[in-house]
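Chemist: One structure, pasted below without further comment.
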Amino acid sequence: MASTDQLNAARLASLAATAAGAPTPTSNPFFGVGPITDMTRDEIDARTLRFEFDAWLETNYPKLDDQGNKIGNFTAAELGRGMHRGYPADKVLNDMMREIHRYFGFPKKNVMAVGLGGGHSGFTVAAMHLMNANAADQKIFVDTPKPETESGQAGGFFRQSWATQLTEMQLYAKLGDSSRVYFTQDEGCIPSADSLEAKGIKLFFGVGHETTGATTYTEEQIRNLLAWIDRDPEQHHAIIDATSMLGAMPWAQDLVSAMMSKCNMFMPFQKAIGGISGYFTLALTPQAITLINENLKDPSWAIPRQLKIAVPRDPKNPLSSEITTALGPIYDPEQDKMLGGIINTFSTLAFAETTFGILRNEKKIGDVHTLNQRAVENRQFINQWVENNPLFEFGVAQADHRGAAVTLLKINDTDITDPEVHARIIAKSKQLLGYEGITHPNGDYETGLDVARYVNAFPGTPGDYRAWIGGIRPCQEIEALLNNLQFAYHRAKIMVLEEQLAELGETFPSTASPAKTASTATEKQLQELRTAAQNMATFWGALEATKDPSRRAQLIQCYGDGLKSDAQAYALLMMDNSLAKIWAIK
């Protein structure tokens, strides 16, 4: 442990660094690299968005009579408990696939499969359909280290899982050979076209970039990959994890267009697409579809039903019939239709929310080129900010290898040399960045800033904070995030240093003001206001969505008296003078 003088000096320096108070907060705290933010500003904005979604849903999915005339609207409640077959579920699915395919710029020649599960399910579907252990000349390259090597072990189980799965598939297949799988020394690197061709590589799996390690491919690496594909487009297939890549491609536009056209890409909904978690899409080139159909004539393994994107042409003979992608859960943009149905059971409501999210982002931000550019600008801003703030450094040293959707930062504090103390400060800073807050040894409590939740670095990666910085966020949000990271680190450092000083017998007097007693009556009134308002909104929403006069009459008869009671209660509560203190809050 450092001396008392050293601890006090470090504490005073952090007090001085935070003397001006907390920085401008972020608009919302969802910087975690999971389901990404919808950029609502606060709880009112978030709840208003639910009303907007309900209205959009009812407008786009009408109830039709047998002549095609509109007789009502499907509501969120109906979609949430309705069947995933027939109308409107089929239209919801087709609409979502169309918008994902269109917005992110996939060419119409490339089809798109959809299924249950996240990115790993998408990867598994691609591997099980495109890899063929019966083909001795099919060599596979994956851009992660070989499992159980020193560099592989550093990434832990999760980061090794991609290469492990490919190895196991070859290892346990009857005619497989795990020596056909090649690896890279450094994660997320693409060798030259000459190198890949010399090894006889037919399948390239690009999974070692962006999301966990906050890296991306350089322009040179993208050119390498495209050059390799172009040498034999029928035999060279690239399968890319686009989880964090869509809308955050920091390359020249011609390279972006070529990637979208020539590569197969899998991605979960909840990250780049900004949709609901639990599903994946897989974009496939015409050459990949041809390979899949050929592989299934001589399959290496049984593919679980929920992962199949090819099904029997003759449903009465599932074992002997031809297996084809022509009837699989695949969207064909040329025909604007699903070729086949998706396996049980997807949430129609989740798919509708995903479509709504894409259209809303397009309206607020612009097309995918704008989204890409905003992500690049955010990355450039972080580069400059870190250069001007020596307390921080990058987890990824090479500038053009840094991700444009995810950033990884670490603290370089010369005052703190003990790794355990460093880890405690980082952990406490995340409590302050979130809603938990921190309590000092003298009992003083600092309220959580709630500006950045779950900004944890992935285990095994060289960083302390990891955050989603994609183009959905404007640059000022990134600035607010960085300033709050710095503030929270200093405040957490003060608390941890005070703990160490307390162990040495030095304490600090409490500066906390006496806690104010909350008004129970006011809290009760707020709950009553909320209940009355929700009841009224529910009634009017249901009445507007119900077009049949007789059913409207039934609703009015059943709930009309309750509406009057709620309206009267609401009016009385709004006029209650005791609520004045609520409106007086500034």
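Chemist: If I filter segment 40-49 for residues that are among the acidic types (Asp, Glu) and more than 30 Å from Val406 (Cβ to Cβ), do I get at least one hit?
Modeler: No: segment 40-49 contains no residue that is among the acidic types (Asp, Glu) and more than 30 Å from Val406 (Cβ to Cβ).
Chemist: Determine which single condition Asp137 fails, assuming it passes every other condition in (1) more than 19 Å from Ser244 (Cβ to Cβ); (2) touching a helix residue (DSSP H, G or I) at 6+ places or on another chain (Cβ under 6 Å); (3) not hydroxyl-bearing (Ser, Thr, Tyr).
Modeler: All conditions pass for Asp137, except number (2).
Chemist: Suppose the filter is in contact (Cβ under 8 Å) with a residue 60 or more places away in the chain, in a loop (DSSP other than H, G, I, E, B) and of a type in the set (A, V, I, L, M, F, W, C); does Phe141 pass it? Can you show your working first?
Modeler: Values: in contact (Cβ under 8 Å) with a residue 60 or more places away in the chain: yes; in a loop (DSSP other than H, G, I, E, B): no; of a type in the set (A, V, I, L, M, F, W, C): yes.
So Phe141 fails the test.
Chemist: Here are some residues: Ser277, Ser300, Ser261, Ser244. Which one is under 27 Å from Gln138 (Cβ atoms), assigned to a loop (DSSP other than H, G, I, E, B) and among the small types (Gly, Ala, Ser)?
Modeler: Testing whether each residue is under 27 Å from Gln138 (Cβ atoms), assigned to a loop (DSSP other than H, G, I, E, B) and among the small types (Gly, Ala, Ser) leaves just Ser300.
Chemist: Tally up the residues in segment 483-538 that are part of a loop (DSSP other than H, G, I, E, B) and at pLDDT below 85, please.
Modeler: Within segment 483-538, residues that are part of a loop (DSSP other than H, G, I, E, B) and at pLDDT below 85 number 9.
Chemist: Under 7 Å between Cβ atoms, which residue pairs at least 6 apart in sequence (or on different chains) link something in segment 323-339 that is assigned by TED's automatic domain parsing to the domain that holds His129 and closer than 10 Å to Val111 by Cα with a partner that is loosely packed, with under 14 Cβ neighbours inside 10 Å and not aliphatic (A, V, I, L, M)?
Modeler: Close Cβ pairs satisfying both conditions: Pro333/Lys108; Glu334/Lys108.
Chemist: Moving on. When segment 247-258 is examined, which residues are found to be crowded, with 17+ Cβ neighbours inside 10 Å and in a loop (DSSP other than H, G, I, E, B)?
Modeler: Hits for segment 247-258 are Gly247, Ala248, Met249, Pro250, Trp251.
Chemist: Shifting gears a bit: Being touching a helix residue (DSSP H, G or I) at 6+ places or on another chain (Cβ under 6 Å) and more than 25 Å from Ile229 (Cβ to Cβ) narrows it down to one residue among Ser277, Ser347, Ser320; which is it?
Modeler: Going through Ser277, Ser347, Ser320 in turn, just one is touching a helix residue (DSSP H, G or I) at 6+ places or on another chain (Cβ under 6 Å) and more than 25 Å from Ile229 (Cβ to Cβ): Ser277.
Chemist: Please go through segment 524-538 and pick out each residue that is surrounded by fewer than 13 Cβ atoms within 10 Å (Cβ to Cβ), more than 15 Å from Phe51 (Cα to Cα) and not charged (D, E, K, R).
Modeler: Within segment 524-538, just Gln527 meets the criteria.
Chemist: Taking segment 295-343 only, how many residues are among the charged types (D, E, K, R) and under 25 Å from Ala258 (Cβ atoms)?
Modeler: 3
Quick grid of which residues meet (1) over 30 Å from Ala375 (Cβ atoms); (2) modelled with pLDDT under 95; (3) outside the structural domain of Thr26 (by TED's automatic domain parsing):
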position: Gly403; (1), (2), (3): no, yes, no
position: Asn412; (1), (2), (3): no, no, no
position: Ile416; (1), (2), (3): yes, no, no
position: Pro419; (1), (2), (3): yes, no, no
position: Arg424; (1), (2), (3): yes, no, no
position: Gln431; (1), (2), (3): no, no, no
position: Tyr435; (1), (2), (3): no, no, no
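Chemist: Let me ask something additional. Take the residues of segment 553-586 that are among the hydroxyl-bearing types (Ser, Thr, Tyr) and within 16 Å of Gln534 (Cβ to Cβ): which is modelled with the lowest pLDDT?
Modeler: Tyr570
Chemist: Six or more apart or on different chains, Cβ atoms under 8 Å: show the pairs whose first residue is in segment 92-103 and outside the structural domain of Pro333 (by TED's automatic domain parsing) and whose second is among the acidic types (Asp, Glu) and modelled with pLDDT under 95.
Modeler: Note: no pairs meet the criteria.
Chemist: Moving to a separate point now. Any idea how many residues of segment 383-408 are more than 20 Å from the chain's Cα centre (by Cα) and not in a loop (DSSP other than H, G, I, E, B)? Outline the logic, then answer.
Modeler: Initial filter on segment 383-408 (more than 20 Å from the chain's Cα centre (by Cα)): 383-401.
After this cut, where a residue has to be not in a loop (DSSP other than H, G, I, E, B) as well, the list is 383-388, 392-394, 399-401.
Here the count works out to 12.
Chemist: Moving on to the next point. Identify, from the list Thr37, Thr59, the residue that is surrounded by 11 or more Cβ atoms within 10 Å (Cβ to Cβ), among the polar types (S, T, N, Q) and either in contact with a helix residue (DSSP H, G or I) (Cβ under 6 Å, 6 or more places away or on another chain) or not assigned by TED's automatic domain parsing to the domain that holds Leu433 (or both).
Modeler: Every option except Thr37 fails the conditions.
Chemist: If you don't mind, there's one more thing I want to ask. Within segment 328-336, identify whether any single residue is charged (D, E, K, R), closer than 28 Å to Leu246 by Cα and exposed (fewer than 15 other Cβ atoms within 10 Å of the Cβ), and answer yes or no. Before you say what the answer is, go through the steps one by one.
Modeler: Of the residues in segment 328-336, the ones charged (D, E, K, R) are 332, 334, 336.
Then drop every residue that is not closer than 28 Å to Leu246 by Cα, which leaves 332, 334, 336.
From what is left, the residues that are exposed (fewer than 15 other Cβ atoms within 10 Å of the Cβ) are 334, 336.
Scanning segment 328-336 turns up at least one residue that is charged (D, E, K, R), closer than 28 Å to Leu246 by Cα and exposed (fewer than 15 other Cβ atoms within 10 Å of the Cβ).
Chemist: Here is a follow-up. Considering only segment 338-359, how many residues are of a type in the set (D, E, K, R) and over 26 Å from the mean Cα position of the chain (by Cα)?
Modeler: The qualifying residues number 0.
Chemist: If you go through segment 423-444 one residue at a time, how many are crowded, with 18+ Cβ neighbours inside 10 Å and free of Cβ contacts under 8 Å to residues at least 40 places away in the same chain?
Modeler: Summing the residues that are crowded, with 18+ Cβ neighbours inside 10 Å and free of Cβ contacts under 8 Å to residues at least 40 places away in the same chain in segment 423-444 gives 0.
Chemist: Count, please, the residues in segment 1-24 that happen to be assigned to a loop (DSSP other than H, G, I, E, B) and hydrophobic (A, V, I, L, M, F, W, C). Before you say what the answer is, go through the steps one by one.
Modeler: First pass over segment 1-24, keeping only residues assigned to a loop (DSSP other than H, G, I, E, B): 1-3, 18-24.
In the following step, the residues that additionally are hydrophobic (A, V, I, L, M, F, W, C) were identified as 1-2, 19-20, 22.
Count: 5.
Chemist: Oh, and also: Taking the conditions exactly as written (assigned to a helix (DSSP H, G or I) and either in the same structural domain as Arg402 (by TED's automatic domain parsing) or of a type outside the set (Asp, Glu) (or both)), does Ala238 satisfy them or not?
Modeler: Working: assigned to a helix (DSSP H, G or I): no; either in the same structural domain as Arg402 (by TED's automatic domain parsing) or of a type outside the set (Asp, Glu) (or both): yes.
Considered against the rule, which asks whether it is assigned to a helix (DSSP H, G or I) and either in the same structural domain as Arg402 (by TED's automatic domain parsing) or of a type outside the set (Asp, Glu) (or both), Ala238 comes out as no.
Chemist: Then there is this: Taking Leu116, is it buried (at least 20 other Cβ atoms within 10 Å of the Cβ), modelled with pLDDT under 95 and more than 17 Å from Phe205 (Cα to Cα)?
Modeler: no
Chemist: Is it the case that segment 1-15 has a residue that's surrounded by 15 or more Cβ atoms within 10 Å (Cβ to Cβ), at pLDDT below 90, at negative phi and in contact with a Ser or Thr (Cβ under 7 Å, 6 or more places away or on another chain)?
Modeler: Looking for residues that are surrounded by 15 or more Cβ atoms within 10 Å (Cβ to Cβ), at pLDDT below 90, at negative phi and in contact with a Ser or Thr (Cβ under 7 Å, 6 or more places away or on another chain), one finds none in segment 1-15, hence no.
Chemist: Going through Thr461, Thr447 one at a time, which residue ends up being β-branched (Val, Ile, Thr), surrounded by fewer than 24 Cβ atoms within 10 Å (Cβ to Cβ) and over 20 Å from the mean Cα position of the chain (by Cα)?
Modeler: Numbers: Thr461 fails: over 20 Å from the mean Cα position of the chain (by Cα).
The match here is Thr447.
Chemist: Name the residue, out of Thr59, Thr26, Thr40, Thr48, that is at pLDDT 95 or above and β-branched (Val, Ile, Thr).
Modeler: Thr26
The values are calculated or read from the model by the stated rules, or taken from the named source; none is laboratory data. As the structure is a computational prediction, the values presented were derived from the model and not from experiment. When we count neighbours, we look across all protein chains shown, and the Cβ atoms used for this are built from the backbone with ideal geometry, even at glycine.
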